[in-house]
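Chemist: Please find one structure pasted underneath; my questions will follow.
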Amino acid sequence: TEIVTYNDRISIQHPLKTDFSAFIKAETFSNVLAKSSVSQVALIRTENDLKIKAKGINVTLPTVMDDEIISRIKTVGVSLEGIEWKKLPENFVECINLCSFAASKSESDSTMSCVHISDTLCIASDNNRIAKAELDTTMEPMFIKASEIKSLVGVKPTSWGGSKSWLHFKNEAGCIFSLRRIDGSYPDFLQHFEFEGSRINLPKDLTEGTDLATIFTEGTEQPSITVTIQDSKCLLSVKSESGGIKFLTAIDYTGKKLQFTINPDFLIEMMKYTTTIVLTEGKAKLETENFSLLTSLYGE
């Protein structure tokens with residue numbers, strides 16, 4: 001009645017009516033479908049194989065039997081029994097996706113590598129950057145691994161439900177994306193957003209220079225670019241072992257010289273939503289109606 005994948009942390013199941021059951025290698029099956037140009041295939045179960053047939057294509061995949069996998073998948077199925085499905089906030093997908101890039105990349109840090117949701121607050125941080133967003137409606141406290149959000153967003157969930165050990169998200173097609181619950185606490189970062197500083201409208205074409213600069217910061221432990229604003233000019237510069245770049249553009253600013261060093265990925269992400277940045281010693285902030293990004297600035 002469904003096609004199911006499972007890797008101990010995530011389970012995804014989608015309705016699929018068949019008259020058989022079988023286990024096959026997910027990567028091989030997925031690659032066959034992805035690299036084929038046909039829009040429809042037939043699945044035929046034989047004693048030891050699963051055949052995939054379409055116009056001009058006849059693929060045979062060996063089936064496997066794994067009692068442990070069967071047991072684990074049944075456990076996920078049991079956790080869905082009696083689930084009360086609740087509608088997700090309209091901007092849920094947007095909020096978790098925007099916040100996810102600010103989470104810690106270290107999977108060993110169980111909660112800091114997550115996006116944290118509590119009430120209407122959606123927040124993530126790696127202790128250098130903080131991203132927060134305001135959900136349209138309230139949700140119970142939960143942690144979602146940032147590394148798993150791209151896949152979850154791809155499902156386009158519209159409702160959710162929780163059990164003791166799992167969080168379940170469902171879309172309109174009936175596909176269910178299940179994540180193991182993560183327990184823990186999260187720091188109070190909101191205080192860091194309250195500050196005054198110089199408010200500047202960055203030139204839109206600075207995005208082009210920043211994108212070019214990432215060529216020379218890729219692979220570095222702490223990627224950074226320096227932005228200098230003075231005499232109606234904005235200069236972006238970076239120098240690394242692989243080379244360097246200077247990008248000069250005009251800016252509507254005649255005040256005192258300003259200079260800051262910032263993560264280029266953050267700047268690119270920031271300028272998708274606004275070109276206005278608030279600068280003070282040690283940090284920079286952007287704010288839109290329901291989304292805020294904050295980053296630490298590196299010393300000169």
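The values are calculated or read from the model by the stated rules, or taken from the named source; none is laboratory data. As the structure is a computational prediction, the values presented were derived from the model and not from experiment. When we count neighbours, we look across all protein chains shown, and the Cβ atoms used for this are built from the backbone with ideal geometry, even at glycine. Surface areas here come from the heavy atoms of the whole protein model, side chains and all, with no ligands, DNA or RNA. Shrake-Rupley method; radii C 1.70, N 1.55, O 1.52, S 1.80 Å.
Chemist: Of all strands (runs of 3 or more DSSP E) completely enclosed by the range 218-262, which ones contain at least 3 residues that are more than 21 Å from residue 296 (Cα to Cα) and open to solvent by 30 Å² or more (accessible area, probe 1.4 Å)?
Modeler: Qualifying strands (runs of 3 or more DSSP E): 243-250.
Chemist: Only strands (runs of 3 or more DSSP E) wholly contained in the range 89-189 count here; list those with 3 or more residues that are closer than 18 Å to residue 6 by Cα.
Modeler: Counting at least 3 such residues, we get 166-170, 176-180.
Here's the yes/no breakdown for (1) under 30 Å from residue 89 (Cβ atoms); (2) small (Gly, Ala, Ser):
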{"residue": "218", "(1), (2)": "no, no"}
{"residue": "238", "(1), (2)": "no, no"}
{"residue": "254", "(1), (2)": "no, no"}
{"residue": "259", "(1), (2)": "no, no"}
{"residue": "274", "(1), (2)": "yes, no"}
{"residue": "296", "(1), (2)": "yes, yes"}
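Chemist: Hey, another quick one. How about the range 57-69: which of its residues are within 17 Å of residue 34 (Cβ to Cβ) and either open to solvent by 60 Å² or more (accessible area, probe 1.4 Å) or in contact with a strand residue (DSSP E or B) (Cβ under 9 Å, 6 or more places away or on another chain) (or both)?
Modeler: If the condition is that a residue be within 17 Å of residue 34 (Cβ to Cβ) and either open to solvent by 60 Å² or more (accessible area, probe 1.4 Å) or in contact with a strand residue (DSSP E or B) (Cβ under 9 Å, 6 or more places away or on another chain) (or both), then 59, 61 are the ones that fit.
Chemist: Which residues, taken from the range 127-183, are in contact with a Pro (Cβ under 7 Å, 6 or more places away or on another chain) and open to solvent by 50 Å² or more (accessible area, probe 1.4 Å)?
Modeler: Result: 136, 137, 170.
Chemist: Same structure again: Go through the range 4-18 residue by residue and tally those that are without any contact (Cβ under 8 Å) to a residue 24 or more places away in the chain, open to solvent by 70 Å² or more (accessible area, probe 1.4 Å) and within 20 Å of residue 66 (Cα to Cα).
Modeler: 1
Chemist: Filter the range 70-96 for residues that are open to solvent by 70 Å² or more (accessible area, probe 1.4 Å), within 25 Å of residue 164 (Cβ to Cβ) and in contact (Cβ under 8 Å) with a residue 24 or more places away in the chain and give the result.
Modeler: Answer for the range 70-96, where residues must be open to solvent by 70 Å² or more (accessible area, probe 1.4 Å), within 25 Å of residue 164 (Cβ to Cβ) and in contact (Cβ under 8 Å) with a residue 24 or more places away in the chain: 72, 84, 85, 86, 87.
Chemist: Let me ask you something else. So is residue 199 surrounded by fewer than 20 Cβ atoms within 10 Å (Cβ to Cβ), in contact with a Phe, Trp or Tyr (Cβ under 9 Å, 6 or more places away or on another chain) and either at pLDDT 95 or above or of a type outside the set (A, V, I, L, M, F, W, C) (or both) or not?
Modeler: no
Chemist: If you don't mind, another one. Condition (residue is of a type in the set (Gly, Ala, Ser) and on the phi > 0 side of the Ramachandran plot) applied to the range 33-55: is it met by at least one residue?
Modeler: No, the range 33-55 contains no residue that is of a type in the set (Gly, Ala, Ser) and on the phi > 0 side of the Ramachandran plot.
Chemist: Using the structure shown, decide if residue 84 is touching a Gly at 6+ places or on another chain (Cβ under 6 Å), assigned to a loop (DSSP other than H, G, I, E, B) and not β-branched (Val, Ile, Thr).
Modeler: So residue 84 fits the description; yes.
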